[in-house]
1. Of all residues being more than 8 Å from every other protein chain (Cβ to nearest Cβ) and outside any helix (DSSP H, G or I) in segment B:159-179, which is most open to solvent (accessible area, probe 1.4 Å)? Just the residue, please.
2. Looking only at segment A:59-75, decide whether some residue is part of a strand (DSSP E or B), touching a helix residue (DSSP H, G or I) at 6+ places or on another chain (Cβ under 7 Å) and open to solvent by less than 30 Å² (accessible area, probe 1.4 Å).
3. Taking segment A:26-58 on its own, how many of its residues are in a loop (DSSP other than H, G, I, E, B) and out of contact with any Lys or Arg (no Cβ under 7 Å at 6 or more places or on another chain)?
4. Could you count how many residues in segment B:102-138 are open to solvent by less than 60 Å² (accessible area, probe 1.4 Å) and under 14 Å from residue B:217 (Cβ atoms)?
5. Please state which of the following conditions residue B:182 fails to meet, knowing it meets all the rest: (1) open to solvent by 20 Å² or more (accessible area, probe 1.4 Å); (2) away from chain A (no Cβ under 12 Å); (3) polar (S, T, N, Q).
6. Tell me which residues, restricted to segment A:115-140, are more than 26 Å from residue A:193 (Cβ to Cβ), more than 9 Å from chain B (Cβ to nearest Cβ) and open to solvent by less than 20 Å² (accessible area, probe 1.4 Å).
7. Take the residues in segment A:180-202 that are more than 22 Å from residue A:45 (Cβ to Cβ) and touching a residue at least 40 places away in the same chain (Cβ under 8 Å); name whichever of them is farthest from the other protein chains (Cβ to nearest Cβ).
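The values are calculated or read from the model by the stated rules, or taken from the named source; none is laboratory data. Keep in mind the model is a prediction, meaning the values are calculated, not measured. Using ideal geometry, Cβ is built from the backbone for each residue, glycine included, and neighbour counts are taken over all protein chains shown. Just the protein is used for accessible areas: all its heavy atoms, side chains included, with ligands, DNA and RNA removed. Shrake-Rupley method; radii C 1.70, N 1.55, O 1.52, S 1.80 Å.
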Amino acid sequence: MLTPATANDVTDKGDAAGDALVLRHLSKEYRAGVPVLKDINLEIPGSGLTAIIGPSGTGKSTLIRCINRLVQPTSGEILYGGQDLAKLGGAAMREARRRIGMVFQEYNLVERLTVMENLLCGRLGYVSAWRVWLRRFPQRDIDHAFSLLEAVGLAGFENRRADALSGGQRQRVGIARAVMQEPKIILADEPTSSLDPKTSVEIMELLRNLGAERNIPVVVNIHNVELARRFATRIVGMTGGRVVYDGSPGDLTDKDLNTIYGGENWLE
Amino acid sequence: MTVTEALHHDWQRFTLAQKLSRYAFYLASVAALVISLRTIEVIPEFLYDAPTQMADLITRMWPLDWTYLQPTLTALIETLHIATVGTFLAVLMAVPIGLLAARNVTPSAPINLFAKFVFVTSRSVNSLIWALLFVAVFGPGPLAGTMAIAFRSIGFTGKLFAEALEEANMGSIEALTASGASRFSTLLMGYWPQARPAFWSIALFRWDINIRESAVLGLVGAGGIGVALETAMSLLYWDQVAVVLLAIFAVVVLAEIIVTTVRTRLI
């Protein structure tokens, strides 16, 4: 069950919708001449859950990793908060990254650290390395971490080691870590692909609710079309490194799915 | 044709070329053994004589000269100090160089190569040779021994620490990078927690080796129990030599026990 966020939660509730994210002519080639992303043009508004669907190897992960520059785009612009993220480097890039929360398929927790330490990892962009070393995080961060643990249904787990948790619990920690950044946008790369169907639904609910409470946009790469239909306010379909569908979940037809995934026998 | 026949495929683990090269390797090993047996030139007189010589040595060692225990223990403490301080200094120097050697922490091939060059230099020189060098620098005594142990150990501890860092799960590192963490914070919260058990294990293991290595450093005047051994041996006081050997044996066993106990608690 999903515990609703508590009232004293440190959030940006009541703020106007966040900044829109605009991708212009974004391309990525890992090897010269073999583009993975081909001239992507996309605008993510300041709120709502956008699901990116498409077959494996079509560049969904690359797209989402270009936004926070875990992958360097070959060309194009990533306009966000009045900056072109594609051109940032060094301290400016780190500063931009801390406003972008990210959730991973394999959770990517530091397994040997406790749940609390993993949550505090979300504050590494804000806290000096010296304080990190001594684990002297600001009291505000610790309070925030405790309220988030409660919000994701892991109250009382703060001293458990991450490697002692189940997949669903780990992903909740991963999401809480991203929210600890007080991000203005959340990116999630296949957050449910390693989880069972019931947990997948809970994780999607959590992502949607956290985004809605904070009025920030959530961008989710997802394989499961049903989950995308159920939780997204908007669906982007990709195939072969291009956007081939962009619209509301209600308008997504079998014909569109054929365009995205190819073939038709799988569609019953 | 039946279905089973249609499904029949040949599969072999090695290709013909792989098989031939494996047989060639076996053949070369046997040839090497035969050739070396022919050229080893064992002098039979020495072999026939060996039991008598050993018996003679043992009778000279017995009874043990317990009056020599006092200077032996003093020297033993010095040996423990040489090994411990030497390991500490080695680890202190090995950690920064290990960070430079790990390809994921320092993604620069020339720097990795430089760090690995330092490790190879440290490892390729035997601790007795390092000791001779430092005896020339600091004069005879435990300081030379400590430095010899430290410089000899940099390569071992640094190389293994770098390998432990390279085995870190890069997903966790990616997540910390994505949160805007600085490189130093990523080291503290990403790499270090993952490499920490290996680090302590390596340091303890090297300390264990260094206890044994520092026991012989005295042979070249670099302090420790080796000095007591060297003195007794050159005076042909075999009953005293036996006391020293027994002490070394006891401390090596003790170190082994300590290392095993601490390691099981750490990991």
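1. Ranking the candidates gives B:167 first.
2. Scanning segment A:59-75 turns up no residue that is part of a strand (DSSP E or B), touching a helix residue (DSSP H, G or I) at 6+ places or on another chain (Cβ under 7 Å) and open to solvent by less than 30 Å² (accessible area, probe 1.4 Å).
3. Here the count works out to 9.
4. Count: 7.
5. Of the numbered conditions (1) open to solvent by 20 Å² or more (accessible area, probe 1.4 Å); (2) away from chain A (no Cβ under 12 Å); (3) polar (S, T, N, Q), the odd one out for residue B:182 is (2).
6. Passing the criteria: only A:137.
7. A:202
Residue-wise test of (1) over 19 Å from the mean Cα position of the chain (by Cα); (2) charged (D, E, K, R); (3) closer than 26 Å to residue A:100 by Cα; (4) open to solvent by 70 Å² or more (accessible area, probe 1.4 Å).
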| position | (1), (2), (3), (4) |
| --- | --- |
| A:206 | no, no, yes, no |
| A:211 | no, no, yes, no |
| A:222 | no, no, yes, no |
| A:233 | no, no, yes, yes |
| A:237 | no, no, yes, no |
| A:242 | yes, yes, yes, yes |
| A:245 | yes, no, yes, no |
| A:248 | yes, no, yes, no |
| A:262 | yes, no, no, no |
